[in-house]
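Undergrad: The structure is given below, and queries will be raised subsequently.
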């Protein structure tokens, strides 16, 4: 099951947008673009960042939720990556990319509008680590 983890190390965070500049670890959520055509697949890549001076090891299980503009959850899934991942100091690690097919939890196409992609770690000691990104469907 280790093949489920696509992990990449970026040695510098200087060129990246840092959602939290207070020295804490965080998740940054990336998509290929901010605006999508209706029905187009939305490729999402969660990125974990370690801003400490020491390596950090995660046992990866995380939740993904898609919220509409009114903050109602329209889609959610638990993602489990077997094994542990160690992120070196001041580096980032990309998790497996997943694709949201713009369908809600009932299988219906999401209407045009703004949506928030939210990712949160489950592991007890990292439970507060979360991130999100807004996208628009036109």
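Undergrad: Under the condition of being under 18 Å from residue 65 (Cβ atoms) and modelled with pLDDT under 95, which residue from segment 84-104 is surrounded by the fewest Cβ atoms within 10 Å (Cβ to Cβ)? Even if it seems obvious, please write down each step before you answer.
TA: Residues of segment 84-104 that are under 18 Å from residue 65 (Cβ atoms), as a first pass: 95-104.
Among the residues that remain, those that are also modelled with pLDDT under 95 are: 95-99.
Details: 95: 23, 96: 15, 97: 13, 98: 15, 99: 9.
Looking at the filtered set, the residue picked out is 99.
Undergrad: Which of the residues spanning segment 44-57 are farther than 29 Å from residue 103 by Cβ and part of a strand (DSSP E or B)?
TA: Those that are farther than 29 Å from residue 103 by Cβ and part of a strand (DSSP E or B): 49, 50, 56, 57.
The values are calculated or read from the model by the stated rules, or taken from the named source; none is laboratory data. For clarity, every value in this text was computed on a predicted model and none was experimentally measured. With ideal geometry, Cβ positions are generated from the backbone for all residues, glycine too; neighbour counts draw on all protein chains shown.
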